[in-house]
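Take a look at the structure below.
Computed from the coordinates by the stated procedures, all read-outs in this text should not be read as laboratory data. Quantities reported herein were computed from a predicted structural model and do not represent experimental measurements. Here Cβ is always computed from backbone atoms with ideal geometry, including for glycine, and neighbour counts include all displayed protein chains.
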Amino acid sequence: MEGLVSSGIKTIRVFGVTKHQSRFLPSSTLHLRSNSVYGIGIGIGVEEKKKQKCFVVAASVGGSKVGHFENTLPSKEVLELWRKGDAVCFDVDSTVCLDEGIDELAEFCGAGKAVAEWTARAMGGSVPFEEALAARLSLFNPSLSQVQNFLEQKPPRLSPGIEELIQKLKANGIVVYLVSGGFRQMIIPVASILGIPKENIFANQLCFGSNGEFLGFDKNEPTSRSGGKAVAVQQIKKARGFNTLTMVGDGATDFEAKKPGGADLFICYGGVQLRESVAVKADWLVFNFKDLINSLG
């Protein structure tokens, strides 16, 4: 997490993509729908001089300049790692799915705004994950019946292209995992849609009493604390003997997974949330899963 913790972290909500610049697709310009409050504008261009260079410019977020990203085109080394990998671990919230699961559950239970503020702080890396998780849950204490009703009324909303990408990975013999700071009860339906076995889920577990009352979460899960995704990925790689493993996600906890014995490659997905301090550290920044699909050949 070193180098990511910053009180000035900026997060962009991606509202929609009309065209997309890709190494693997025809050149065009990426436009994000304007937000009247923040005045967000992001563009991708390609400059041909001695070598091709791709950059992303975000005009402003709350009146502040966001910055430039020069990792939207992968290097040959990054492409090789991605293509030859044995396994890929995906974050779930704002990556595989369009929503932050805990925010949606909190909204369902009447505490959406307060919990969303905590989520933004946690994903930026400015608050220890376990502290943010406990604080968010304490704001609404979901009962078992509330969780069950939520799952019935709010089915998962998958990110565009994720089903095709996972099918392509599996067809290429690459094993897929879901590694999330979210809750297993909410991730199992996602895994079912994507054809990912339950044993390939690493996530947190909500705990309930005999009457369905909320008791907390299982603190023995590695994903329940800061650095937990790194531990989970290290366990996956060691147990299965994978040579090359990729982590795909949007947050600081996903970037943490790239540690010795853990992920060999970190791909930042900015198609839902673009977190500047995470994106700049990524080996590859993508806004559309088609880039990853097309690069597999």
### Message
Can you say what percent of the DSSP beta bridges in region 190-297, counting only those with both residues inside, are antiparallel? Round to 5.
### Response
30
### Message
Give me the percent relative contact order of region 131-221, please, defined on Cα pairs under 8 angstrom at least 6 residues apart.
### Response
29
### Gain in span if fully extended, Lys170 to Lys76, counting 0.36 nm per residue against the direct Cα distance
31.6 nm
## Note on the structure
Scoring region 163-297 by relative contact order with C-alpha pairs under 8 Å, at least six apart, yields a percentage of 17
#### Entry: Long pairs among Lys76/Lys290; Lys259/Lys290; Lys154/Lys238; Lys198/Lys281, criterion Cα-Cα beyond 24 Å
Lys259/Lys290; Lys154/Lys238; Lys198/Lys281
#### Entry: Burial ranking of peptide ranges 227-233, 207-213 (average Cβ count within 10 Å, highest at the top)
227-233, 207-213
### Task
Starting from the Cα of Ala114, step 7 Å toward the Cβ, then list every residue of region 127-148 with an amide N under 20 Å from that point.
127-147
### Task
With a cut-off of 12 Å, note down the residues of region 169-205 whose backbone N falls inside the zone around a label point 7 Å from the Cα of Leu151 toward its beta carbon.
183-192
